[in-house]
Each structure stands twice: as structure tokens, then as C-alpha cells.
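The values are calculated or read from the model by the stated rules, or taken from the named source; none is laboratory data. Keep in mind that this is a model prediction, so the values were computed, not measured. Cβ: placed from backbone, ideal geometry, glycine included. Neighbour counts: every protein chain shown. Just so you know, the surface numbers come from the protein's heavy atoms only, side chains and all, with ligands and any DNA or RNA stripped out. Shrake-Rupley method; radii C 1.70, N 1.55, O 1.52, S 1.80 Å.
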Amino acid sequence: MALIEKTDIMHLGFLKKESFTGSSEGMRYRMSKVVYKDPDTELLKKIEAGEADYPVDKKTGEKIMNPTKERLRLGVWAWPEPFSFDKTPEDKKLYKELAFDEAGVMEGLDWLNARKREQDWAELRISWKDRS
């Protein structure tokens, strides 16, 4: 069994803009940025204290009364061949969420290799007949 190497996956700069998918001996995998919109509590405190104003929507010019802040995470998925990510049933996918940084990418690589060692992915292959 060949492990997935660092040179087989994309770096963080790529993942900031695009999802990355690959496959290895019956296991398909994906790394992708996951974006959460959290309330911007720091800005709201400053607004309440009179130290800042509500941000303005650039398109409409309206005040944004519930400002948010983006929080980035790295999503890593593994699933059996032969289907793409979008065509594979959710119950066939394994998922791990990590920090969106280089350490998270390396931890994701380690997680993928651990999943690869745990199972015979060729045996898990989804049949065309089983696809819903």
C-alpha cells in the first residue's frame, strides 16, 4: 500500500481559492476550505461603545445591522471509488475538520493515510447498482 505523500496534495495557497480532490488505490479524497460566518462580537462592542459605526453594504449602501466575521476551517473527506464527491452518497463519506493552516493540511494528510491503512478501499468500492 502506497501512502499519500505531501507532494500528492495541494498547498494552502491553492486551497484558499479551490478545492482539491485526488485518489489513491480505491480511496478518493478532497480537501477544501470551509467558511463559517460568525457574529463579529468585537465590532458590535465597539459600536455599542460609540467607537465604531455599523459597516455599510457596498452594493446597496445599507447598514449591516448584524455584522459577521469569516472563520476558515479545512474540510477533509475520504470516500470509496468510483464516484465524484457530488455523486457519492453522504453516508459513504468520512469527514474531518481541521485548522485552515499548513499544520492543518499536514494533519489532514496524516488523517487520510490513517483512513487508508484502516480499510481495504477496493472492497468498499460502490457499485453502480447501489448508487441512489
- Task: Can you pull the one-decimal nm distance between simple spin-label points at LYS69 and GLU18, each 7 Å off the Cα toward Cβ?
- Result: 3.1 nm
- Query: Rounded, prolate or oblate: which fits the range 63-132, taking a ≥ b ≥ c as square roots of the Cα gyration tensor eigenvalues, rounded meaning a/c under 1.5, else prolate when a/b beats b/c?
  - Reply: oblate
- What does the chain give for Rg and for Dmax, in Å, if only its C-alpha atoms count? 19.9, 63
- Item | Long-range amide H partners of ARG28 with built H, under 5 Å | TRP79, GLU81
- What part of the accessible area of the chain, given as a whole %, is carbon or sulfur when the probe is 1.4 angstrom? 48 percent
- Item | GLU5 versus ASP53: modelled label distance in nm, points set 7 Å from Cα along the beta carbon direction | 5.6 nm
- Violating pairs (Cα-Cα greater than 31 angstrom) within the set LYS17/LYS59; LYS6/LYS93; LYS59/LYS92; LYS69/LYS116; LYS6/LYS45; LYS59/LYS96: LYS59/LYS92; LYS69/LYS116; LYS6/LYS45; LYS59/LYS96
- Task: Using the heavy atoms of the protein chains and a 1.4 angstrom probe, tell me the accessible area per residue for the chain in square angstrom.
- Result: 67 Å²
- Message: Explain nothing, just compute: Karplus ³J(HN,Hα) = 6.51 cos²θ - 1.76 cosθ + 1.60, θ = phi - 60°, for every residue of the range 117-125 in order, whole Hz, x for Gly and Pro.
- Response: 5, 6, 9, 8, 5, 5, 6, 7, 3
- Whose amide H sits under 5 Å from the amide H of ALA99, counting only residues 5 or more places off or on another chain, with H placed in the peptide plane? LEU74
- Query: Each residue of the range 81-90 in order: what ³J(HN,Hα) in whole Hz does its phi give by Karplus 6.51 cos²θ - 1.76 cosθ + 1.60, θ = phi - 60°, with x for Gly and Pro?
  - Reply: 5, x, 8, 5, 4, 5, 9, 8, x, 4
- Helix-only [θ] at 222 nm, the chain, -39500 (n - 2.57) per DSSP H run of 4+, per residue, nearest 500, equals -6500 deg cm²/dmol
- Message: Rounded to whole Å, give me the distance from the Cα center of the range 37-56 to that of the range 94-117.
- Response: 35 Å
- Of the peptides 64-77, 45-58, how do they stack up when ordered by the mean number of other Cβ atoms within 10 Å, highest first? 64-77, 45-58
- Between ASP91 and GLU25, what is the label-to-label distance in nm when each label sits 7 Å out along the Cα-to-Cβ direction? 2.8 nm
